Amino acid sequence: MGDLIDKFATRFREFGEIHIPEMSPFYAHLSLRIADDRELLEIALASGGGQPPPNLLFASIRFLLDRGANPDLLARYPVRFDTDIDPAVFDHFREFVFDHREQVEELLFTKPVQSNVVRRSAVLLTGLMRISSEVEHRPFVNIEIGASAGLTLLWEQYSYRYGDGPVVGNVKSDVEIETELRGSNPFDYSLDMPSVIDNLGIELDPISDADGSAMDWLRALIFPEHEDNRVLFDSTTKILKNSTPRLIHGDALVILPEMLADLPTDQPANIYHSHTLNQFSPEMRKRLDLLLRDASKGRLITRLGFEATPQGYSDLRLIKYENGVQNQDVVLANCEAHGRWIDWVG
Ligand SMILES: C[S@@+](CC[C@H](N)C(=O)[O-])C[C@H]1O[C@@H](n2cnc3c(N)ncnc32)[C@H](O)[C@@H]1O
C-alpha cells in the first residue's frame, strides 16, 4: 500500500505543479497539500488509479457541495481566476472529506472522469479545418473516441470567436465559444467550414441529458474558477433537448474496426480523441494505432488527438494512415487543455 500511496502522492503533486496551476490555482493549492497528506491519500485510493485521481477526488467533493452538503465550504470556492488563496481553506476541505468519507469513497469507487468541455469544440473545429484541406474539401465522417455526453459532437451547432476575429460557425447559436489565439490562425472559418457527413461518438459509458445525476456529475468536474465553462455547459444542455448526439455504447477498441469496415472506402474518415487516451494503458494505445493502420488498407484515415503533454498544456496532433502505414505525425497546435487558447504551430 505504501508504494501505491507514493504513486498517488506523485499524481497529486504533478497535478498541482504542472497540469493545473494555470487553469485552477485553487485546485493546484489543494492538490499540493493533499500530496503531503497520507490520510487523505488513503481516501483517494478508493478511486483505484485507472482514472485520474485528482480530478475524481475534486469532482466528488464538488458534487456533494453542489447538493448542499456544506454551503460554507462551497462559499470558499472561487468562481474566477485568483492566485490569492487562503491557506486555511485546506483545513475546511480536509475536515469535509473526513466527515463525508463514506460518500466520497463511494463516488471515487463508482464514478469515471468524463469531463465534457464544450470550449474544446474550438480546438476540434480548427483541427477539422485542417482535415478538410487534407481530404481536398471532400465530405468526411468524424468519429470521436470517448465522447462522454456528446457535447463536442454538436460542434456545428455553436458559434465561435477566435481572438478578435468575427463570430463564425452557427452565428445564431445561443452557445458562443471564445478562444484566445496565440500566434497566427491559417484558417478563414467564414469561408469554408468542414463538410462532415456524420459526427459519431463511441463511449464506454454514454451520458444522457435525461439523467440529471450524471449531468450534475459532469458539472461537478468543471474547475471552480471556470464559471464561463459552467455557463457554456448549461447553455449546451439546452441544445441537447432538441438535438441528440449520436453516441454508440461500447469500447472504441472493439467498435472502431467494425465501424470503419462498414464505411465506403472512398469516404474519408477522421478519428478524434480528446483527453481520453490518459484512460488508456500503453497496450491499449498500441492497439488503437494498430487497428487504425489495419483499417487504412485501401483508404485514408486521419486521426486528430487533443491530449495532455508532460509540459502541462495539451497538443493537437494530426496522424495520417494510408495503405496500412502511418505516414504523417505532426503537432498542429499547442492549446490550453480546455480550449481557452490555441497556439497554431502546424
Ligand atoms: C475525460 S472524458 C473526455 C470527453 C470528451 N472527449 C471531451 O474532451 O470533452 C474521456 C471519456 O473517454 C471515455 N472512454 C475511456 N476509454 C474508452 C474506450 N476504450 N472506449 C470508449 N470510450 C472510452 C470515458 O468514459 C470518458 O467519457
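Laboratory data are not the source of any read-out in this text; all were calculated from the coordinates shown. What you are looking at is a predicted structure, and each value in this text was computed from that prediction instead of being measured. A quick note on method: Cβ atoms are made from the backbone with ideal geometry, for glycine too, and the neighbour counts reach across all protein chains shown.
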**OP:** Mind pulling the angle between the C-alpha long axis of helix 227-240 and the longest principal axis of the chain? Nearest 10 degrees, somewhere in 0 to 90.
**Re:** 50 degrees
Original post:
Tell me which lysines have Cα within less than 28 Å of K286's Cα, excluding those fewer than 8 residues away on the same chain?
Top reply: K7, K111, K297, K320
Original post:
Taking trypsin sites (Lys or Arg not before Pro) that fall in a DSSP loop and have at most 10 other Cβ atoms within 10 Å as cut points, what is the longest piece of the chain between them?
Top reply: 242-346
Original post:
Ordered by residue, what ³J(HN,Hα) values in Hz, to whole numbers, does segment 5-16 give under the Karplus form 6.51 cos²θ - 1.76 cosθ + 1.60, where θ = phi - 60° and Gly and Pro are x?
Top reply: 4, 4, 5, 5, 4, 5, 4, 5, 5, 5, 4, x
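Nearest 5 is fine: what % of DSSP beta bridges in the chain come out antiparallel, could you say? If you can, show how the numbers build up before the last one.
Values: 24 of 51 bridges.
Within the chain, antiparallel bridges account for around 45 percent of the total.
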Original post:
Amide H to amide H under 5 Å from G49: which residues, 5+ apart in sequence or cross-chain, H placed 1.01 Å off N in plane?
Top reply: none
Subject >> Alpha-carbon centroids, segment 274-324 and segment 134-149: separation in whole Å >> reply: 13 Å
**OP:** Report, to the nearest 10°, how far helix 89-99 tilts away from the longest principal axis of the Cα atoms in the chain, using its own Cα long axis and a range of 0 to 90°.
**Re:** 80 degrees
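For segment 2-110, just say rounded, prolate or oblate: build the C-alpha gyration tensor, square-root its eigenvalues into a ≥ b ≥ c, call rounded for a/c under 1.5, and beyond that prolate if a/b exceeds b/c, oblate if not. Each step should come with its number before you reach the end.
Numbers: a/c = 1.66, a/b = 1.13, b/c = 1.47.
Because a/c hits 1.5 or more and a/b fails to exceed b/c, segment 2-110 counts as oblate.
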Original post:
Does a label point 7 Å from the Cα of L4, set along Cα-to-beta-carbon, have any residues of segment 50-84 with amide nitrogen under 14 Å, and which are they?
Top reply: 50-51, 53
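I'd like the FRET efficiency for E180 and R287, computed as 1/(1 + (r/R0)^6) with the beta carbon distance as r and R0 of 35 Å, rounded to 0.05.
On the way: r = 36 Å, r/R0 = 1.03.
About 0.45, to the nearest 0.05.
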**OP:** Pull up the cross-link candidates among the lysines for K172, meaning alpha carbon to alpha carbon under 20 Å and not fewer than 8 places away within one chain.
**Re:** K238, K241
Original post:
With labels modelled as points extended 7 Å from the Cα through the Cβ direction, what inter-label distance (nm, one decimal) is found for L74 paired with E14?
Top reply: 3.3 nm
Original post:
Using all Cα-Cα distances in the chain, what percent lands in each 10 angstrom bin from 0 up to the longest?
Top reply: 5, 25, 33, 25, 10, 2, 0
Original post:
Hey, rough spin-label estimate for V345 and D205, points 7 angstrom out along Cα→Cβ, what's it come to in nanometres?
Top reply: 3.3 nm
Original post:
Could you give the angle, 0 to 90 degrees to the nearest 10, between helix 121-134's Cα long axis and the longest principal axis of the Cα atoms of the chain?
Top reply: 20 degrees
